[in-house]
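Notes to accompany the following structure.
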Amino acid sequence: MPHEQHSRERAALVGLVTGAARRADADQSLDELAGLADAAGADVALRMLQERPKPDPATFIGSGKVAGLASACGEADIDLVIFDNELTPAQLGQLEQRLARKVVDRTQVILDIFARRARTREGKWQVELAQLKYLLPRLAGSGTALSRLGGGIGTRGPGETKLETDRRRIRVRIQAIQRDI
C-alpha cells in the first residue's frame with residue numbers, strides 16, 4: 001500500500017499588539033508561530049495582527065476584529081485559527097463559536113508538536129499528562145453553555161453529564177499516568 005499522505009490543515013495566525021509591545025516584536029512572534037504551526041502539520045494561509053490597549057476579556061481581539069477574521073477565514077478556506085497568546089477558556093469558547101472553526105493557542109500547538117515527536121513510553125506519558133492538565137480547565141469553560149440545555153427543575157442538560165464524564169475520565173487518566181511515571 002502506498003505511503004498515506006496526511007492532509008495538512010490551513011491555518012490563520014492571530015497576534016495581539018498591546019500598549020507597550022512593538023509591532024515588530026509581534027511580527028517576529030507570528031513568524032515563530034508560523035514555524036510552530038508548520039511543525040505541527042498546518043500550512044499558514046492567513047496572518048492577522050490586532051492593536052489594542054489590552055486584550056478583550058470576551059474575545060481577546062474584540063468583536064469587530066472577530067467578525068473580520070471570520071469572513072477572512074471563510075474567503076481563505078481556513079480550518080484552524082491559532083492565537084499567538086494563551087487564551088482563557090471563556091475566550092476559547094467565544095472564538096470557536098463566532099469563528100465556527102477550531103481555535104487553539106500557542107501552548108496547544110507546542111504540546112501537539114511534543115506529542116508528535118515523543119518516542120519513549122515515558123515521554124509519551126509526560127506529553128499526555130501535560131495535554132490533559134492543560135485541557136481540564138478548558139473543558140469546564142466549554143461546558144457551561146451545554147449544562148443549560150435541559151432546563152427546568154430536576155433535569156440535567158445532556159451536555160452536563162457528558163462534561164462530568166469527560167472531567168472524571170481525564171482526572172482518572174492523569175492519576176494513572178502519574179502513577180506509571
Index of the failed condition, Thr59 passing every other in (1) more than 26 Å from Arg8 (Cβ to Cβ); (2) surrounded by fewer than 17 Cβ atoms within 10 Å (Cβ to Cβ): (2)
Of residues in the stretch 97-110 being open to solvent by 30 Å² or more (accessible area, probe 1.4 Å) and part of a helix (DSSP H, G or I), the one farthest from Arg179 (Cα to Cα): Arg98
Positions within the stretch 114-133 being open to solvent by less than 30 Å² (accessible area, probe 1.4 Å) and assigned to a helix (DSSP H, G or I), in sequence order: Gly123, Val127, Leu129, Leu132
Test for Ala12: is it in contact with a strand residue (DSSP E or B) (Cβ under 6 Å, 6 or more places away or on another chain) and in contact (Cβ under 8 Å) with a residue 40 or more places away in the chain: yes
Residues satisfying the stated conditions in the stretch 12-71, i.e. over 17 Å from Glu96 (Cα atoms), touching a Pro at 6+ places or on another chain (Cβ under 8 Å) and not in a strand (DSSP E or B): Thr18, Gly19
Some residue of the stretch 141-154 being surrounded by 13 or more Cβ atoms within 10 Å (Cβ to Cβ), of a type in the set (Val, Ile, Thr) and at pLDDT below 85: yes
So Thr88, is it open to solvent by 30 Å² or more (accessible area, probe 1.4 Å), within 14 Å of the chain's Cα centre (by Cα) and not hydrophobic (A, V, I, L, M, F, W, C): yes
Qualifying residue in the stretch 38-47 (condition: exposed (fewer than 11 other Cβ atoms within 10 Å of the Cβ) and either polar (S, T, N, Q) or at pLDDT 90 or above (or both)): no
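The values are calculated or read from the model by the stated rules, or taken from the named source; none is laboratory data. Source: prediction; values computed, not measured. Here Cβ is always computed from backbone atoms with ideal geometry, including for glycine, and neighbour counts include all displayed protein chains. For accessibility, only protein heavy atoms count, side chains too; no ligands or nucleic acids. Shrake-Rupley method; radii C 1.70, N 1.55, O 1.52, S 1.80 Å.
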